[in-house]
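Student: Sharing a structure with you now.
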Amino acid sequence: MKQYKRLLAVILFISSLFAVFELSGLHDHFNLAFLQHQIDENRFTGLLIFVLLFALGNLIQIPGWLFLAAAVLTLGRTWGGLATYVAACISSVLTFFAIRLIGGDALRQLQNRTAVRILAQLDAYPIRSVVLLRVLFQTVPALNYALALSGIRFRQYLTGTLLGLPLPIALYCLFFDYLARALKIPGF
């Protein structure tokens with residue numbers, strides 16, 4: 001049971017965050033229109049709020065594509081993509097530190113053959129593994145939690161994140177830009 005204490009602490013932390021999120025009414029602010037309004041209202045503070053909401057959203061299981069869509073539809077594909085890249089990197093770093101602080105390297109404590117095999121692969125090729133995972137799953141919260149709890153070094157995590165996010169973000173930017181043009185959304 002001792003090996004599960006830190007995992008339980010992470011689950012309790014995430015559950016508490018989610019409860020506060022739901023009960024406080026913040027849930028109403030996690031939509032495309034609100035995010036666009038924040039960015040459009042004042043570029044500097046709007047982008048700061050965008051980054052903070054992205055980080056909070058990432059902790060409580062809000063998909064990153066919502067933020068990307070808001071940024072692209074408001075700022076265009078280039079600036080929207082850049083804003084999302086910066087927000088995604090900051091969000092991933094904040095998630096890493098929060099989860100690592102609470103859970104440490106809890107996945108290393110598990111006595112499971114599959115976990116041991118996966119962690120051995122991560123240890124053998126840490127940066128390459130994170131790059132591949134970021135290309136496939138971007139900032140999916142479960143991936144951020146797992147990497148934070150894996151015991152991977154922060155430098156390797158950050159390098160893999162910085163290298164792995166540009167391609168999927170660029171592809172999503174093209175997709176949302178195309179979609180906005182096809183649907184004739186104002187401003188495109």
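Student: Taking the criterion of being crowded, with 19+ Cβ neighbours inside 10 Å and either part of a helix (DSSP H, G or I) or without any contact (Cβ under 8 Å) to a residue 24 or more places away in the chain (or both), would at least one residue in the stretch 24-34 satisfy it?
Tutor: Checked the stretch 24-34: no residue is crowded, with 19+ Cβ neighbours inside 10 Å and either part of a helix (DSSP H, G or I) or without any contact (Cβ under 8 Å) to a residue 24 or more places away in the chain (or both).
Student: Another question about this same structure. Please enumerate the residues belonging to the stretch 6-23 that are touching a helix residue (DSSP H, G or I) at 6+ places or on another chain (Cβ under 8 Å) and open to solvent by 100 Å² or more (accessible area, probe 1.4 Å).
Tutor: The one that is touching a helix residue (DSSP H, G or I) at 6+ places or on another chain (Cβ under 8 Å) and open to solvent by 100 Å² or more (accessible area, probe 1.4 Å): ARG6.
Residue-wise test of (1) assigned to a helix (DSSP H, G or I); (2) not hydrophobic (A, V, I, L, M, F, W, C).
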{"residue": "LEU53", "(1), (2)": "yes, no"}
{"residue": "LEU68", "(1), (2)": "yes, no"}
{"residue": "CYS89", "(1), (2)": "yes, no"}
{"residue": "PHE97", "(1), (2)": "yes, no"}
{"residue": "ARG108", "(1), (2)": "yes, yes"}
{"residue": "GLN111", "(1), (2)": "no, yes"}
{"residue": "ASP123", "(1), (2)": "yes, yes"}
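Student: Still on this structure, please answer the following. Here is a list: ILE49, ILE62. Which entry is crowded, with 17+ Cβ neighbours inside 10 Å, part of a loop (DSSP other than H, G, I, E, B) and not charged (D, E, K, R)?
Tutor: Of ILE49, ILE62, the one residue that is crowded, with 17+ Cβ neighbours inside 10 Å, part of a loop (DSSP other than H, G, I, E, B) and not charged (D, E, K, R) is ILE62.
Student: Hey, does the stretch 101-122 have a residue that's of a type in the set (Lys, Arg), farther than 13 Å from ALA88 by Cβ, open to solvent by 90 Å² or more (accessible area, probe 1.4 Å) and in contact (Cβ under 8 Å) with a residue 24 or more places away in the chain?
Tutor: Within the stretch 101-122, not a single residue is of a type in the set (Lys, Arg), farther than 13 Å from ALA88 by Cβ, open to solvent by 90 Å² or more (accessible area, probe 1.4 Å) and in contact (Cβ under 8 Å) with a residue 24 or more places away in the chain.
Student: Please go through the stretch 41-51 and give me each residue that is at pLDDT below 85 and in contact with a helix residue (DSSP H, G or I) (Cβ under 7 Å, 6 or more places away or on another chain), ordered by number.
Tutor: Selection gives nothing.
The values are calculated or read from the model by the stated rules, or taken from the named source; none is laboratory data. The structure presented is a predicted model; accordingly, all values stated were derived computationally and were not measured. In this analysis, Cβ positions are derived from the backbone assuming ideal geometry, glycine residues included, and neighbour counts consider all displayed protein chains. Keep in mind that these areas ignore ligands, DNA and RNA; they rest on the heavy atoms of the full protein, side chains included. Shrake-Rupley method; radii C 1.70, N 1.55, O 1.52, S 1.80 Å.
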